[in-house]
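**Student:** This is the structure I want to talk about, given as structure tokens.
The values are calculated or read from the model by the stated rules, or taken from the named source; none is laboratory data. All figures in this text were calculated on a predicted structure; none of them were measured in a lab. In this analysis, Cβ positions are derived from the backbone assuming ideal geometry, glycine residues included, and neighbour counts consider all displayed protein chains. Remember, those area values only see protein heavy atoms, side chains included, never the ligands or the DNA or RNA. Shrake-Rupley method; radii C 1.70, N 1.55, O 1.52, S 1.80 Å.
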Amino acid sequence: MGENLTRKILKAHLADGRLAAGEEIGIKIDEILIQDITGTAAVLHFEAMQLGRVRCKVACSYGDHNVLQVSEENTEDHVYLSTAARKYGIWWAKPGAGIGHQIHQEHFACPGDTALGADSHTVHMGGMGLYAMGAGGLDVAVAMGGGPYYFDMPAVVRVSLTGALRPWSTAKDVILEMLRQKTANGGFGKVFEYVGPGIQNLNLQQRITICNMGAELGATTSMFPSDAVTRDYMRRIGREKDWREALPDPDAAYDESMELDLGVIEPLVALPSNPDKVVPVSQAEGVKVDQVMVGSCTNGSYTDLKAVAQIVKGRKVHPDVTFFVHPSSRMDLEALAREGLLTELIAAGVNVEAATCGACIGVGHVPAKGMKSLRAINRNFKGRTGQKDDEVESSGCARRARRCRRRSTWPTIRASCPPPRPRTRRRCG
Ligand code: SF4
């Protein structure tokens with residue numbers, strides 16, 4: 001019997017223990033990601049170890065959560081992180097460069113590597129064939145110093161995808177369907193490995209969205225193989241030399257398995273206030289919304305925002321609605337600008353914010369009490385917007401944008417879809 005991709009990567013990085021589900025193992029970490037909230041503590045821990053320069057393959061520090069520097073403490077953290085980065089051999093991405101997961105995907109992530117981040121959405125990198133996990137600051141500091149990361153060997157779930165997404169269904173709907181079936185605790189102690197003919201119909205950024213929100217399933221991580229789709233994406237962003245094939249064996253064994261036909265997944269929405277409170281978008285038809293947001297590491301990529309720009313072109317945001325976007329990275333923002341897509345967003349009355357986590361963690365656009373906010377983000381837990389009585393619905397970016405199918409519209413959720421547009425060639429993935 002062959003091996004699944006999870007076992008292959010873990011075996012190649014095993015430092016301690018035995019690869020038996022539920023047993024504690026220690027693995028060597030190749031890539032480290034930290035950010036400007038939890039990362040500050042991680043670097044302080046690392047400094048206290050007095051090891052000198054970092055001893056992993058690559059360590060990156062991203063100023064992405066407190067980009068607006070709304071207090072002097074934020075600015076002080078950035079100064080500390082940037083000077084520590086220089087001293088210890090850590091790459092530093094200053095505020096405005098984008099959200100760490102997306103920047104890391106674009107510049108550093110190498111298929112087949114292990115990655116550890118002081119942030120739960122580090123699992124994002126699974127879309128490129130990395131075994132990536134979130135952890136606490138002390139664990140991350142130890143891994144930065146070359147020490148193994150210890151955790152319980154997860155059970156590996158084979159998710160066999162067939163078919164292709166229908167027009168107006170998105171990658172976000174795939175992971176919302178997973179959440180509908182498995183619930184927010186359904187992934188605990190598990191890795192979801194996506195395989196099957198359907199994966200060829202998902203581009204790299206769609207794979208990333210699905211793995212990113214594996215965090216909402218409670219999964220240890222999620223992974224797609226690194227294949228021709230991955231290679232094509234890396235070629236387009238000028239990193240083909242970093243591409244490596246990472247595939248499960250054709251006869252690989254798994255602890256559990258499930259099937260998902262992409263062709264039957266309909267547009268879905270997570271109602272307030274949990275990502276697994278998933279219903280068909282038709283059930284939310286008629287709900288008046290006050291805010292619309294597309295962004296975060298889940299849905300703020302070039303691919304996501306291009307879809308939004310194409311739909312709002314020549315239309316106007318409804319006067320009763322605030323519509324804002326947070327691009328995932330400056331690279332994505334620059335691509336949108338070069339292709340004139342930014343102009344379409346601005347002309348439609350969309351507030352184009354900095355490439356930052358921003359409103360995903362309640363920095364800006366805090367809704368007033370009783371307001372309804374529709375957001376293409378990963379988490380709609382109560383209070384995450386900065387308003388403890390918020391009502392946030394979470395769904396895919398295309399659905400948000402389609403609310404403007406008429407000129408000056410989208411105060412309400414519309415369940416009907418406009419006719420499918422011809423597919424356009426995408427720059428990334
Ligand atoms: S965009 Fe949101 S989910 Fe992603 S890293 Fe930032 S705060 Fe976390």
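**Student:** How tilted is helix 171-182 with respect to the longest principal axis of the chain? Cα atoms for both, answer in degrees (0 to 90, nearest 10).
**Tutor:** Helix 171-182 and the main axis of the chain meet at about 70 degrees.
**Student:** How large is ³J(HN,Hα) for each residue in region 21-31, as worked out from phi by the Karplus curve 6.51 cos²θ - 1.76 cosθ + 1.60 (θ = phi - 60°), to whole Hz, x for Gly and Pro?
**Tutor:** 3, x, 8, 6, 10, x, 10, 7, 9, 8, 10
**Student:** Let me ask another. Loop only by DSSP, 14 or fewer other Cβ within 10 Å of the Cβ. Give me the trypsin sites (Lys or Arg not before Pro) in region 184-271 that pass, ordered by residue number. Each step should come with its number before you reach the end.
**Tutor:** Values: sites: K190, R207, R231, R235, R236, R239, K241, R244; in loops: R239, R244.
Loop-located and lightly packed - R244.
**Student:** Tally the DSSP beta bridges in region 5-264 and give the antiparallel ones as a percent, rounded to 5. Provide the component values of the computation, followed by the final result.
**Tutor:** On the way: 8 of 38 bridges.
The answer is about 20 percent antiparallel.
**Student:** Normalised by the number of residues in region 15-152, what is the relative contact order in percent for Cα pairs under 8 Å and 6+ residues apart? Each step should come with its number before you reach the end.
**Tutor:** Values: 289 pairs, mean separation 47.4, N = 138.
Answer for region 15-152 is 34 percent.
**Student:** Here's a follow-up. For a quick check: with amide H placed at 1.01 Å from N, whose amide H comes under 5 Å from D261's, ignoring anything fewer than 5 positions away on the same chain?
**Tutor:** Hits under the 5 Å cutoff: T162.
**Student:** Where only protein heavy atoms count, and the probe is 1.4 Å, what is the accessible area per residue for the chain in Å²?
**Tutor:** On the way: 16080 Å² over 429 residues.
The answer is 37 Å² per residue.
**Student:** Tell me, what is a quarter of the convex hull surface for the C-alpha atoms of region 268-404, in nm² with one decimal? Let's see the in-between values first.
**Tutor:** Values: hull surface 28.5 nm².
The directionally averaged projection comes out at 7.1 nm².
**Student:** Still on this structure, I have one more. For the ranges 257-264, 38-45, what's the packing order if you count other beta-carbon atoms within 10 Å of each residue, average per peptide, and put the highest first?
**Tutor:** Numbers: 257-264: 14.6, 38-45: 21.6.
Top to bottom by mean Cβ count within 10 Å: 38-45, 257-264.
**Student:** How high is the relative contact order of the chain, in percent, with contacts defined as C-alpha pairs under 8 Å that are six or more residues apart?
**Tutor:** Details: 1103 pairs, mean separation 73.8, N = 429.
Result for the chain is 17 percent.
**Student:** Taking every Cα atom in region 5-264, find the radius of gyration and the maximum pairwise distance Dmax, and write them in Å.
**Tutor:** 18.0, 56
**Student:** Lysines near K87 by alpha-carbon distance under 25 Å, same-chain residues fewer than 8 away left out - which ones?
**Tutor:** K28, K57
**Student:** By the scheme Lys and Arg +1, Asp and Glu -1, what is the net charge of all other residues having a beta-carbon under 13 Å from that of G263? Can you show the working numbers first?
**Tutor:** On the way: positive: R166; negative: D173, E177, E259, D261, E266.
That sum, taken over residues with Cβ under 13 Å, equals -4.
**Student:** Right, next: Sort out for me the Cα centre separation of region 340-396 from region 1-78, rounded to whole Å.
**Tutor:** Rounded to whole Å, the Cα centres lie 28 Å apart.
**Student:** Next question, about the same structure. DSSP loop GluC sites (Glu not before Pro) in region 10-98 with at most 14 other Cβ atoms within 10 Å of their Cβ, which ones?
**Tutor:** E23
**Student:** Here's a follow-up. Total Lys pairs in region 268-404 closer than 26 Å by alpha-carbon, pairs eight or more apart in sequence or interchain only?
**Tutor:** Total qualifying Lys-Lys pairs in region 268-404 comes to 21.
**Student:** I've got another one for you. Using the Karplus curve 6.51 cos²θ - 1.76 cosθ + 1.60 with θ = phi - 60°, work out ³J(HN,Hα) for each residue of region 342-357 in order, rounded to whole Hz, and write x for Gly and Pro.
**Tutor:** 4, 4, 5, 5, 5, 5, 7, x, 7, 7, 8, 8, 5, 6, 7, 4
**Student:** Sticking with this one: On the accessible surface of the chain, probed at 1.4 Å, how many percent belong to carbon and sulfur atoms? Don't skip to the answer; put the middle values down first.
**Tutor:** Details: 8140 of 16080 Å².
Here carbon and sulfur together make up 51 percent of the probe-accessible area.
**Student:** Count the net charge of all other residues whose Cβ sits under 12 Å from the Cβ of T230, scoring Lys and Arg as +1 and Asp and Glu as -1. Don't skip to the end; give the middle numbers.
**Tutor:** On the way: positive: R207, R231, R235, R236, R239, R244; negative: D227, D232, E240, D242, E245.
My count for the surroundings of T230 gives +1.
**Student:** Please express the shape of region 181-257 as an equivalent ellipsoid: the semi-axes are the square roots of 5 times the eigenvalues of the C-alpha gyration tensor, given largest first in whole angstrom. Intermediate results must be reported in sequence, preceding the final value.
**Tutor:** Numbers: eigenvalues 116, 46, 22 Å².
Calculated on Cα positions only, the semi-axes equal 24, 15, 11 Å.
**Student:** For the Cα atoms of the chain, what angle does the longest principal axis make with the long axis of helix 38-49, in degrees from 0 to 90, nearest 10?
**Tutor:** Taking Cα atoms only, the helix is inclined about 10 degrees.
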